[in-house]
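Heads up: the structure comes next, in structure tokens.
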Amino acid sequence: MITSSRITRNAGRTIPCFCAVVVVLLMVAVGPVDAATLFFNTSDSQFTPGVDNQGWWGNVATNNDPNDDYITGSFTSQANETRSFFTFDLSSLSQTALSATLEVVRYSYLSPDPSETLGLFDVTTDAATLNNNTGPDAAIFADLGSGTTYGTFVIPAYSFSNTETLTFPLNAGAIANINASTGFFSIEGALLSLNPSNNYEFVFNTASGFGIQRLIVETAASSAVPQPSTLLLLGVGGLVSLAGTILRRKA
């Protein structure tokens with residue numbers, strides 16, 4: 001005959017075994033958050049409704065806020081130059097960036113030279129002021145041509161396209177600033193190869209907000225983070241452990 005006290009002692013042996021199973025399940029459920037590829041667009045969090053967070057500032061030419069053309073180069077001479085900018089809302093970026101690439105629709109190349117050199121730089125002008133690009137503004141224009149370099153890129157002459165893109169892998173300086181950013185992050189573009197003898201010299205000529213203007217960020221895997229299912233298992237494991245302690249005391 002099996003007595004109730006024997007049942008209690010058997011239950012006391014079973015409880016720790018079940019707890020061990022719970023621990024194993026917890027070890028499986030808690031794992032690292034995978035690395036990811038994230039896309040941030042100039043159309044996110046627009047400062048001016050219907051206008052992407054991109055454009056140009058000139059040292060002579062006057063622009064206006066609704067214009068999201070990002071033409072980069074010069075009219076008639078270097079004395080009449082435009083420099084472009086792209087702004088991205090990185091407030092949702094929580095993982096560490098390992099690499100980043102600027103990708104934009106190329107539009108047209110307007111220059112007698114077989115290639116042009118584009119420099120990308122940081123921007124110290126705050127994003128709201130930068131995107132209210134009614135100018136000219138000498139201080140903002142100077143900011144867009146100086147500071148931390150994010151890379152220098154030789155662009156061979158190309159045919160017009162409002163769908164094909166150009167990509168620019170950003171350097172370590174850009175990655176550091178991306179990881180330090182807690183909100184809007186801006187990139188400036190300037191032609192470093194302007195030729196005084198050229199009347200017109202542009203990349204991204206006749207650009208607009210149509211198509212792709214984005215920052216692609218590759219992130220690192222983060223440390224282990226308990227998921228909701230894990231927290232539930234933790235609760236169950238705690239209750240089971242408590243039950244086992246009570247039953248052993250009764251035995």
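Every number in this text was worked out from the coordinates using simple rules, so none of it is lab data. Owing to the predicted nature of the structure, the values given are computational and were not obtained by experimental measurement. Methodologically, a virtual Cβ is constructed for each residue, glycine included, from the backbone with ideal geometry; neighbour enumeration extends over all protein chains shown.
Miscellaneous remarks
- Summed residue charge, Cβ within 14 Å of Asp65's Cβ, Lys/Arg positive, Asp/Glu negative: -4
- Extension gain from Ala79 to Thr148, taking 0.36 nm per residue of separation minus the Cα-Cα distance: 22.5 nm
- The slack in the chain from Asn199 to Ser43, taken as 0.36 nm per residue of separation less the alpha-carbon distance, amounts to 52.9 nm.
- ³J(HN,Hα), Karplus 6.51/-1.76/1.60, whole Hz, each residue of the stretch 36-49, x for Gly, Pro: 9, 10, 10, 10, 10, 10, 5, 7, 7, 6, 4, 6, 10, x
- Backbone geometry of the stretch 141-152 corresponds, through the Karplus equation with coefficients 6.51, -1.76 and 1.60 at θ = phi - 60°, to 3J(HN,Hα) couplings of 4, 5, 4, 6, x, 8, x, 5, 7, 9, x, 10 Hz, x marking Gly and Pro.
- The amide H of Leu98, built 1.01 Å from its N in the peptide plane, has Glu218, Thr219, Ala220 as neighbours under 5 Å, considering only residues 5 or more places off or on other chains.
- Cβ-based net charge around Ile175, under 15 Å, with every Lys or Arg adding one and every Asp or Glu removing one: -2
- Taking amide H as placed 1.01 Å from N in the peptide plane, Asp137 has its amide H under 5 Å from the amide H of Gly58, each at least 5 places away in sequence or on another chain.
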